[in-house]
Amino acid sequence: MNSLYRLLPLLLMLAVSPESEKKLESLNSFILATKDTVSSIRNGIDTFHAAMMPFMTGQGTNKPGSSSPAQPQYNDMPGQKEAGDSEV
């Protein structure tokens, strides 16, 4: 209830200020756009998380030494040496 009394001077200032309704409409539009953006990002993160869960649970069941489809093993990477190669 006390916070309502703190809001009264602000409301009175807005009531006598010219074009305050127009500025409040702009602020309202900004807040709604921000809310929609946050909801969209949250839904994207939830969708990404749900899509990645099968891959994450599959990683725990792989045996050591076996490569997962997401991480193939390459034998001919630059800097790797073949058996029998020697430096000169």
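The values are calculated or read from the model by the stated rules, or taken from the named source; none is laboratory data. Remember, predicted model here, so these are calculated numbers, not experimental data. Glycine gets a Cβ as well: all are built from the backbone with ideal geometry, and neighbour counts include every protein chain shown.
Things worth noting here:
Each row is one residue, and each column tells you yes or no for (1) among the small types (Gly, Ala, Ser); (2) at pLDDT below 95.
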{"position": "9", "(1), (2)": "no, yes"}
{"position": "33", "(1), (2)": "yes, no"}
{"position": "42", "(1), (2)": "no, no"}
{"position": "52", "(1), (2)": "no, yes"}
{"position": "55", "(1), (2)": "no, yes"}
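- For the range 12-24, a residue qualifies if it is surrounded by fewer than 10 Cβ atoms within 10 Å (Cβ to Cβ) and within 38 Å of the chain's Cα centre (by Cα), and the qualifying residues are 19, 22.
- Among residues of the range 9-22 that are of a type outside the set (Gly, Ala, Ser), those with a beta-carbon under 6 Å from a residue that is modelled with pLDDT of 90 or more and assigned to a helix (DSSP H, G or I) at least six positions away or on a different chain give the pairs 14/20.
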